[in-house]
Amino acid sequence: SETAVKHAEAGTDVLIVSGTEAGGHCGEVSTLVLIPEVLEALKPYGDIPILAAGGIVTGRQMAAVMAMGAAGAWCGSVWLTTPEAETAPAVKEKMLVANSRQTVRSRSRTGKYTRQLRSAWTDAWHGEESPDPLPMPLQQLVSEPALGRIGKLAEGGHEGAKALATYFVGQGVGLMNTTVSARQVVYDFMEDFADATERLAGMME
């Protein structure tokens with residue numbers, strides 16, 4: 001919430017508040033806890049819209065964060081398994097069968113903690129005798145050339161490379177187990193959101 005306050009004081013028009021469930025760089029606090037904490041901290045600064053992020057891959061999750069006071073949801077991972085995404089096929093296959101426990105916060109890619117698919121790559125960096133990752137941006141000088149080579153080998157069917165392949169993705173990956181178009185993702189969100197809000201409204205009657 002301290003970072004959110006700094007942005008509010010700087011005159012930010014809208015804030016994306018991302019919990020630990022998010023893919024890519026993330027902190028340690030869950031979206032469910034972080035959103036109301038930030039909203040409370042921003043009360044003195046007026047009505048700054050908040051977009052909630054982190055593990056949101058369904059319309060009912062969007063309804064949940066909006067019920068907490070967010071103006072909407074910011075979604076990233078949900079698009080990675082669509083046909084339109086340029087996600088490497090080997091990684092996309094792993095995402096489609098992964099559950100929420102098969103992501104990990106690791107410094108192995110950028111030097112800062114990022115949530116990504118757990119793989120032989122992340123396991124190797126987390127071993128007891130493994131070297132500590134370098135600070136950002138130096139770790140990328142180590143990881144990106146290696147991961148680029150791994151990606152090319154994985155595309156060619158190399159089993160060892162497939163085991164090593166990883167990419168940023170949030171814990172919502174456990175709900176991303178079918179390949180649908182980006183258009184269908186939007187429609188599914190709308191339908192799921194409507195069902196969730198109607199269900200909540202019915203509980204108040």
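Laboratory data are not the source of any read-out in this text; all were calculated from the coordinates shown. Bear in mind that the values here come from a model prediction, so they are computed numbers and not experimental data. Because the Cβ atoms are built from the backbone with ideal geometry, glycine has one as well, and the counts that use them run over all protein chains shown.
Taking a straight line from the alpha carbon of LYS92, these lysines sit under 25 Å away, with near neighbours fewer than eight places off in the same chain left out: LYS112, LYS152, LYS162.
Rg and Dmax over the alpha-carbon atoms of the stretch 45-127 stand at 15.6, 47 Å.
Suppose R0 equals 41 Å; then what is the FRET efficiency for SER100 and GLU9 from their Cβ-Cβ distance, rounded to the nearest 0.05? It comes to 0.70. Note on the chain: GNM, Cα springs under 10 Å; of VAL173, VAL104, VAL33, the largest mean-square fluctuation is that of VAL33. Ordered by the count of other Cβ atoms within 10 Å of each Cβ, fewest first, LEU138, LEU153 give LEU138, LEU153.
Can you compute the helix-only [θ] at 222 nm over the chain? Use -39500 (n - 2.57) per DSSP H run of at least 4 residues, normalise by all residues, nearest 500 deg cm²/dmol. Helix-only estimate at 222 nm: -13000 deg cm²/dmol. Computed from the alpha carbon atoms alone, the convex hull of the stretch 50-205 holds 129 Å³ per residue. Summarising the amide proton neighbourhood of ILE16: residues at separation of 5 or more, or on other chains, whose placed amide H is nearer than 5 Å comprise LEU51. The equivalent ellipsoid that matches the C-alpha gyration tensor of the stretch 7-96 spans semi-axes of 28, 13, 12 angstrom, in descending order. Here the extension length gained between ALA67 and GLU28 equals 11.8 nm, from 0.36 nm per residue of separation less the Cα-Cα distance. When each of SER1, SER130 is scored by the number of other beta-carbon atoms lying within 10 Å, the sequence from fewest to most is SER130, SER1. Computing FRET efficiency as 1/(1 + (r/R0)^6) for LYS43 and HIS158, where r is the C-beta to C-beta distance and R0 is 45 Å, gives about 0.25. At an R0 of 25 angstrom, the distance between the Cβ atoms of TRP79 and LEU141 translates into a FRET efficiency of 0.35. Across the stretch 174-179, computed HN-Hα scalar couplings (Karplus, 6.51 cos²θ - 1.76 cosθ + 1.60, θ = phi - 60°) run x, 9, 9, 9, 9, 8 Hz from first to last residue, x flagging Gly and Pro.
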